[in-house]
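Asker: Please see the structure below; I have some questions.
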Amino acid sequence: MVMVNSGEHRGQQGRILKVMPEKERAIVEGLNIQKKHTKPNAQYPQGGIIESEAPIHISNLNVVDPKTGKGVRIGRKRNEEGKLVRYSKKSGEEIK
């Protein structure tokens, strides 16, 4: 889960559907909806207006802290087993 920290959808949360690391963008479920007008074709026999999510730059997204439910900065540290894990810098909670 991520939270948008700037732009039109500021403060809204959603689940990441796809990450595009080469463009530094991510598609978030239910946010940044765009409308596209299409002619009838094999995939859309009726044609019409199709709504889909557009990518958001990753600098405008924060990971949601499982404890507080707010967007926070994250860090990385080694846990008891010696594995590298992400954690919330605010609450210290491990993020899965």
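The values are calculated or read from the model by the stated rules, or taken from the named source; none is laboratory data. For clarity, every value in this text was computed on a predicted model and none was experimentally measured. In this analysis, Cβ positions are derived from the backbone assuming ideal geometry, glycine residues included, and neighbour counts consider all displayed protein chains. What goes into the accessible areas is simple: the full protein's heavy atoms, side chains included, and nothing from ligands, DNA or RNA. Shrake-Rupley method; radii C 1.70, N 1.55, O 1.52, S 1.80 Å.
Asker: So if I check each of VAL19, VAL72, which one is open to solvent by less than 30 Å² (accessible area, probe 1.4 Å) and in contact with a strand residue (DSSP E or B) (Cβ under 6 Å, 6 or more places away or on another chain)?
Answerer: Going through VAL19, VAL72 in turn, just one is open to solvent by less than 30 Å² (accessible area, probe 1.4 Å) and in contact with a strand residue (DSSP E or B) (Cβ under 6 Å, 6 or more places away or on another chain): VAL72.
Asker: Right, something else. Report, by residue number, each residue of region 83-96 that is more than 18 Å from the chain's Cα centre (by Cα), assigned to a strand (DSSP E or B) and surrounded by 11 or more Cβ atoms within 10 Å (Cβ to Cβ).
Answerer: Hits for region 83-96 are VAL85, GLU94.
Asker: A further question on this structure: With touching a helix residue (DSSP H, G or I) at 6+ places or on another chain (Cβ under 8 Å) and of a type in the set (D, E, K, R) as the only criterion, which of ARG25, ARG86 stands out?
Answerer: Being touching a helix residue (DSSP H, G or I) at 6+ places or on another chain (Cβ under 8 Å) and of a type in the set (D, E, K, R) holds for just one of ARG25, ARG86, which is ARG25.
Asker: Could you list, in sequence order, all residues of region 30-52 that are touching a residue at least 12 places away in the same chain (Cβ under 8 Å) and open to solvent by less than 60 Å² (accessible area, probe 1.4 Å)?
Answerer: Selection gives GLY30, LEU31, ASN32, THR38, ILE50, SER52.
Asker: Is at least one residue of region 68-84 without any contact (Cβ under 8 Å) to a residue 12 or more places away in the chain and touching a Phe, Trp or Tyr at 6+ places or on another chain (Cβ under 7 Å)?
Answerer: yes
Asker: Here's something else I'd like to know. Assuming GLU80 fulfils every condition listed in (1) surrounded by 12 or more Cβ atoms within 10 Å (Cβ to Cβ); (2) modelled with pLDDT under 95 apart from one, which condition is it?
Answerer: Single failed check for GLU80: (1).
Asker: Looking only at region 4-40, which residues are over 10 Å from ALA54 (Cα atoms) and among the β-branched types (Val, Ile, Thr)?
Answerer: VAL4, ILE16, VAL19, THR38, listed by residue number.
Asker: Could you give every pair whose Cβ atoms fall below 6 Å, whose first residue belongs to region 10-29 and is of a type in the set (Lys, Arg), and whose second residue is in a strand (DSSP E or B), counting only separations of at least 6 or pairs across chains?
Answerer: ARG10/VAL4; LYS18/ILE27; ARG25/HIS57
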